[in-house]
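Peer 1: Before anything else, here's the structure in question.
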Amino acid sequence: MNAASTSGRDPTADPSSLYFVDAAHPYAVAAATALTSHRAKSKWSHLSSVPVSSPLPSSAAAAVLLLLRRRPHTALRFHDFALRRLLPSHSPPPLVLSASAAHVAAASRLRGAALSVLASATRHYSPAQIFNALAATYRRFASAPFVFDLLLLAYLRSRRDALAAASVARRILAAGARPLPSTAAALIRSLPSAAAALDMYHQIYTHSSPQSNQLLLPTVHTFNSLLLAFYREGKCDEFKIVLQEMSKYSCKHNVCTYSIRMAEYCDRRDVDKAQGLWDEMIREGIQPDVTAYNTMIGGYCRAGEVGMTEEMFKNMEMGGIDPSATTFEWLVRGHCMSGDADTAMLVRADMRRRGFGLASEVVEELLDALCQNGRVHDGLGVLREEMRREEYVPTRRSYEVLIKGFCDEVEVEVAIRLQAEMAGKGYNAGSEVYHAFIHAYEKSRDYEMMEKLRKEMAAMDA
């Protein structure tokens, strides 16, 4: 990357610059000497004896990193030492020092260390400030171009700030460079809309120079990020734009590409077209993964083809693919939708043996299926077992289904206890619960309670 100052002057050599690195400062020279001339066990104690002005200029601290850049681990350890011992506490790390440390780490391919330094800087400085500091000090430290990629990643990872990351990407492009394909794909995935993702794709790959196009082409992960952005917004008709771009770069599908495209058809309950893509994937020699199987299993469940769901599941296990919690949840839901509560319970038992629990909405569907089959006590047992899991929170709907089930069986006392428990969880009884109790009291000929509840419900609706 061409990170030179547009004026041609080196800002790191200008004492009036924010990015001044004072390699002639007495402390910088003495500290670098102490850390290179002594044995490992004694050099840090020698460093502590080096006279230091108070406060130490950040230009001098940055200079120590410059003088030690051939010994990156020592330089980065000094960076931590300076922040703890030499510089004012409770204040942001000096920008020139952060940029210097990032360059030392990046030039030595110490990716994690560079990311850590940059992530700390993002908490105190704007994308423009950090980018300009890196650009100004880039040549002096003989840095590596991917330091700017790491800044982009630091915003994506530490702050989850996609707009700040996009700002960094545009600055990289303006400098005549381009993010690495993996970084570009991560940025595209993070953007808040499919339109923003497609616009960023065009900024990176369509509007940049031909020379850059030959060096850093988009990959299948780039296009998968775009497909996913359109899928999440339900704009699957726009897939054709992405597929045309893939074709332009002769980029082949991978299993993730097929999974996203199959999900589109499964959501429409067009499992025949999804199966066609599945067959194409197999012909191309691409091994399905758990996401691909879950996509098809979910598609067949929604289409009411439980037999095909079971066949897919058997093929999955025979192919050595371990099912996930999502796999079992789709199987449970499929059998519930077909009214086969017995098989749904067997699947749940297998699921529990493998250490999985049901999501709240799947518990609701299972309770509903059990109650419709007259197995309301089994439903209550399911709820109690799931509640033993720390992460499970019973929903209002779960209580309503069971209360209605017990009221249908005229087991009013159990229903009352569940309603009290439901209230304790912060769920108020709605009209469905009132109607269930009124129906139960009517069956038991308790007309006094029936009339009382009707008045309560009328007052509630007023």
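The values are calculated or read from the model by the stated rules, or taken from the named source; none is laboratory data. On a predicted model such as this, the values are computed, not experimentally measured, just so you know. Virtual Cβ from ideal backbone geometry, glycine too; neighbours counted across all protein chains shown. Heavy atoms of the whole protein, side chains included, go into the accessibility calculation; ligands, DNA and RNA do not. Shrake-Rupley method; radii C 1.70, N 1.55, O 1.52, S 1.80 Å.
Peer 1: Mind listing whichever residues of region 79-98 are outside any loop (DSSP other than H, G, I, E, B) and free of Cβ contacts under 8 Å to residues at least 40 places away in the same chain? Steps first, answer last, please.
Peer 2: Filtering region 79-98 down to residues outside any loop (DSSP other than H, G, I, E, B) leaves 79-86, 95-98.
Selection gives HIS79, ASP80, PHE81, ALA82, LEU83, ARG84, ARG85, LEU86, LEU97, SER98.
Peer 1: Something else now. Take LEU453 and decide whether it is over 30 Å from SER324 (Cα atoms) and touching a Leu at 6+ places or on another chain (Cβ under 6 Å). Break it down stepwise before answering.
Peer 2: Details: over 30 Å from SER324 (Cα atoms): yes; touching a Leu at 6+ places or on another chain (Cβ under 6 Å): no.
So LEU453 does not fit the description; no.
Peer 1: Please enumerate the residues belonging to region 99-138 that are in a loop (DSSP other than H, G, I, E, B) and either open to solvent by less than 10 Å² (accessible area, probe 1.4 Å) or of a type in the set (Phe, Trp, Tyr) (or both). It would help to see each step written out before you state the result.
Peer 2: Start the filter on region 99-138 by keeping residues that are in a loop (DSSP other than H, G, I, E, B), which leaves 108-110, 123-126, 138.
Within region 99-138, TYR125, TYR138 qualify.
Rundown of residues vs (1) assigned to a helix (DSSP H, G or I); (2) surrounded by 15 or more Cβ atoms within 10 Å (Cβ to Cβ); (3) touching a Phe, Trp or Tyr at 6+ places or on another chain (Cβ under 6 Å), yes/no style:
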residue	(1), (2), (3)
GLU390	no, no, no
VAL393	no, no, no
MET422	yes, yes, yes
ALA459	yes, no, no
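Peer 1: Taking the condition in a loop (DSSP other than H, G, I, E, B) and either among the β-branched types (Val, Ile, Thr) or without any contact (Cβ under 8 Å) to a residue 40 or more places away in the chain (or both), does ARG170 pass? Talk me through it step by step, then tell me what you get.
Peer 2: Numbers: in a loop (DSSP other than H, G, I, E, B): no; either among the β-branched types (Val, Ile, Thr) or without any contact (Cβ under 8 Å) to a residue 40 or more places away in the chain (or both): yes.
Answer is no for this residue.
Peer 1: OK, next. Do you know which residues across region 248-267 are surrounded by 20 or more Cβ atoms within 10 Å (Cβ to Cβ) and assigned to a helix (DSSP H, G or I)?
Peer 2: If the condition is that a residue be surrounded by 20 or more Cβ atoms within 10 Å (Cβ to Cβ) and assigned to a helix (DSSP H, G or I), then THR257, TYR258, SER259, ILE260, ARG261, MET262, ALA263, GLU264, TYR265, CYS266 are the ones that fit.
Peer 1: With respect to the numbered conditions (1) outside any loop (DSSP other than H, G, I, E, B); (2) within 28 Å of LEU65 (Cβ to Cβ), which one is the sole condition not fulfilled by ASP237?
Peer 2: All conditions pass for ASP237, except number (2).
Peer 1: From the list PRO72, PRO92, PRO88, exactly one residue is crowded, with 18+ Cβ neighbours inside 10 Å and not charged (D, E, K, R). Which is it? Before the answer, list the steps.
Peer 2: Values: PRO92 fails: crowded, with 18+ Cβ neighbours inside 10 Å; PRO88 fails: crowded, with 18+ Cβ neighbours inside 10 Å.
Residue meeting the stated conditions: PRO72.
Peer 1: Out of curiosity, is LEU67 open to solvent by less than 70 Å² (accessible area, probe 1.4 Å) and of a type outside the set (Lys, Arg)? Spell out the reasoning first.
Peer 2: On the way: open to solvent by less than 70 Å² (accessible area, probe 1.4 Å): no; of a type outside the set (Lys, Arg): yes.
So LEU67 fails the test.
Peer 1: If you check ARG353, ARG348, which single one turns out to be open to solvent by less than 60 Å² (accessible area, probe 1.4 Å), over 21 Å from ILE260 (Cβ atoms) and not β-branched (Val, Ile, Thr)? If you could, list the steps in order and put the result at the bottom.
Peer 2: Values: ARG353 fails: open to solvent by less than 60 Å² (accessible area, probe 1.4 Å).
After ruling out the rest, the residue left standing is ARG348.
Peer 1: Shifting gears a bit: Determine the pairs where a residue that is assigned to a helix (DSSP H, G or I), located within region 55-66, has a partner that is open to solvent by 10 Å² or more (accessible area, probe 1.4 Å) and basic (Lys, Arg) with Cβ atoms under 9 Å apart, the partner being 6 or more residues away or on another chain.
Peer 2: Final answer for the pair search is LEU66/ARG140.
Peer 1: I would also like to ask the following. For region 286-306, which residues satisfy the criterion of being in a helix (DSSP H, G or I), modelled with pLDDT of 95 or more and open to solvent by 50 Å² or more (accessible area, probe 1.4 Å)?
Peer 2: THR291 - this is the single residue of region 286-306 that is in a helix (DSSP H, G or I), modelled with pLDDT of 95 or more and open to solvent by 50 Å² or more (accessible area, probe 1.4 Å).
Peer 1: Considering only region 315-322, I want to know if a residue exists there that is more than 24 Å from ILE286 (Cα to Cα) and part of a helix (DSSP H, G or I). Can you show your working first?
Peer 2: The first filter runs over region 315-322 and keeps only residues more than 24 Å from ILE286 (Cα to Cα), leaving none.
Among the residues of region 315-322, not one is more than 24 Å from ILE286 (Cα to Cα) and part of a helix (DSSP H, G or I), which makes the answer no.
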